[in-house]
Each structure stands twice: as structure tokens, then as C-alpha cells.
Amino acid sequence: MIKLDRPVIVEGKYDVIKLSNIIDGLIIKTDGFGIFKDSEKQKLIRRLANEKGIIVLTDSDSAGFVIRNFISSCVPKDKIINVYIPDLFGKEKRKTERSKEGKLGVEGVPEPVILDAFQKAGVTASPTEEKRRLITNVDLYEYGLSGRENSSQKRKKLLSALALPERMSTSSLVKILNSFVTYEEFMKKVKEIER
């Protein structure tokens, strides 16, 4: 498993599942062509790109390239690292038949091939950073942002204060918060919204 400091943008949930076994880092899915109409997700990707840079890993079929090109049109070129998987033909295990072009998507490509694609793109594990206090699901609960009465409203206030999409699950929220703010900055925002 490699630890990445840049978020990886992929097409769908099965790509997220596949990469979760390979990389330790933030993985954002576009929901395929759903990215075209999801202005909040576009804004989040632009913000991630501006703050940390992003890695784009889509399928090697034409749809994957349409999504990759769309993201490239929304984000400065110097903030993107494109990782390309090779054209491998076959069928994903969960599907009953091959894709239209017959190519395997990210979810179907063997892990060593994906790791090689990252290496060829110049993406390596990030240097070990100093240990810092991470924000956890327990913190969200303790500060009333999940699992309590009015948690939803409080969470929306926090997301608004941090200029993040309001339709974010609590598990995604923890990953995003740890990408954008320190624990101390999180605590400061929590106190601000309680006033």
C-alpha cells in the first residue's frame, strides 16, 4: 500500500473500492458522467487541486477520456497528475458481459498494473510526515456533528463555514476535513458555529 498526499479522482464506487486496497489517501469518485452536472463536486475537485493538486485515474475507454478531459478543463494543468492504465481487454468479475469497447476499467485491472501506472506517472508514496492529531468520527460525535439531535443542521453550518458541499456523508467528511484543515482549525470552526 502506498500513502499519497494528493487526492485521487476516479469514476465510480468500484474504482474507489479497488484503490482502497492499494493506496492510503483520499479517493473521490465522479459518479461517471454525473460530474458534468454536479457543480458542488466540481467545486470540491477544484479546491482540492488548488490546495494539494490531484491525481486523475479513469478507465482507458472513451468515456474515461471524456471525464478526464472535463476535469482537465476545470483545473489548472499544473495541478493535475494524469495516471493512465493500459488497454487490457476482458470483463470485470461483477459484470455479465464486456464493456462496449471490451476494455477493463480501473476496477478490473490487476493491482500490480495500477501500481506500475502510478510509478510511470511519477507518483510515489509521500514522505513520512510528522504525526499530527487527525479528526475522527468520534470527534464528530463528541462535538454534535453526527449521531445527535440537530447534528445535520450543525454539520451543514460547518460545511458552509468551510465552503464544502453540504451533501457529504460523515465518513467522507472526516477524510475531507483531514485533507483541508488541522485538528486545531477544525476546533476553531466548531466553536465559531456554536456561537
Query - Difference of contour (0.36 nm per residue) and Cα-Cα distance, residue 170 to residue 141 - result: 9.5 nm
Report task. May I ask you to compute the full-extension gain from residue 84 to residue 131, defined as 0.36 nm times their residue separation minus their alpha-carbon distance, rounded to one decimal in nm? Result -> 13.7 nm
Query raised in the report: Could you give the semi-axes, largest first, of the ellipsoid that matches the range 60-138, computed as the square roots of 5 times the alpha carbon gyration tensor eigenvalues and rounded to whole Å?
Result: 29, 18, 15
Query raised in the report: Expressed as an acute angle from 0 to 90° and rounded to the nearest 10, what is the orientation of the C-alpha long axis of helix 111-120 relative to the principal long axis of the chain?
Result: 80 degrees
Query raised in the report: Given the rule -39500 (n - 2.57) for each run of at least 4 DSSP H residues, summed and divided by the residues of the chain, what is its mean residue ellipticity at 222 nm, to the nearest 500 deg cm²/dmol?
Result: -13000 deg cm²/dmol
Requested in this report: Taking only Cα atoms and a 10 Å spring cutoff, compute GNM fluctuations for the chain and point out the largest among 131, 175, 157.
Outcome: 131
**Report entry** Where only alpha carbons of the chain are counted, the Rg and the Dmax (Å)
**Finding:** 17.9, 57
Report summary line: Largest fluctuation, 30, 96, 170 only, Gaussian network model of the chain with Cα springs under 10 angstrom, belongs to 96
**Report entry** Descending semi-axes in Å of the range 92-195, equivalent ellipsoid built from Cα gyration tensor
**Finding:** 37, 20, 11
Query raised in the report: Give me the Kirkwood hydrodynamic radius of the range 1-96 in Å, from all C-alpha pairs, to one decimal place?
Result: 13.7 Å
Report summary line: Note: residue 187 to residue 149 extended length (0.36 nm per residue) minus current alpha-carbon separation gives 11.7 nm
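The numbers here are math on the coordinates, done by the rules we state, and not lab data. Note that the structure is a prediction, hence the values are computed from the model and not measured.
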